[in-house]
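Single-structure report; data block below.
Since every read-out is calculated from the coordinates, none of them should be taken as a lab result. Model, not experiment: these values are computed from the prediction. Cβ sites come from the backbone with ideal geometry, for glycine too, and all protein chains shown count toward neighbours.
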Amino acid sequence: MPFIDALALRALLQRVPSDALALPLTDCADFERRFPSAPPFGVELAGERVVNGGAFWIPPYGAAKIEAFAVRFFNARKSVPRMAALLGPLLCVRFALRRLSIEVLERRAHHVLGIPARAIRGASPDIAYDVDTYEEYVYAAERA
C-alpha cells in the first residue's frame, strides 16, 4: 500500500465500530480520480462499483474466530471468482446476476464468522491502492 498515510488510517479508525470486523471500501470513481489511468481495480456489487481497502479492523475478541477464514480470504482477495467461491453457491449466483450487495455480504460474513462485519464506505483511495503486479508497481513508483 504505497500511498497509505496516518491521516487516512485515523479517518478510517474513527468510523469503525469497535465490536465489528471492518473492511474499508472506496468508491471506484473516487479511486479513479485519485489514480487516473491506474491498472484496473475494483468490483461491481449490485450496481455499486467499489475498491476494497488493504487495512482491516479486527476486534480484539475476533482474531481467533476468524483466523482460518482470514487466510482463505487473503489468498483469494485478488480474484473475483475465488472471492465469490468463498460465498457459497447461492451468493455466487447473486454475484453472477449482479444482485449481490454489500449488505448481503455483511450479513454472510457475520453468519460465517460469528462476529458482526461492516463495510466502511467512503474510505480514502490511498488505503485501496495495492501493489501485486509489476504494472501496479510501475504506476506507484512513477507517482511516489
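Averaged over residues, the count of other Cβ atoms within 10 Å places the peptides 117-129, 98-110 in the sequence 117-129, 98-110, highest first. A value for Rg and Dmax of the Cα atoms in Å was derived from the coordinates, and within the list (1) 15.1, 42; (2) 15.0, 49; (3) 15.6, 47 it appears as (1). For the pair R72 and C92 in one chain, pulling the backbone fully straight at 0.36 nm per residue adds 5.6 nm over the alpha carbon distance. What the phi angles of segment 3-13 give under the Karplus curve with 6.51, -1.76 and 1.60, with θ = phi - 60°, is a coupling list of 10, 5, 9, 4, 4, 5, 5, 4, 4, 5, 4 Hz, glycine and proline written as x.
Between 0 and 90 degrees, rounded to the nearest ten: what's the tilt of helix 63-76 against the longest Cα principal axis of the chain? The two axes meet at around 50 degrees.
From the alpha carbon centroid of segment 114-144 to that of segment 50-74 is 15 Å.
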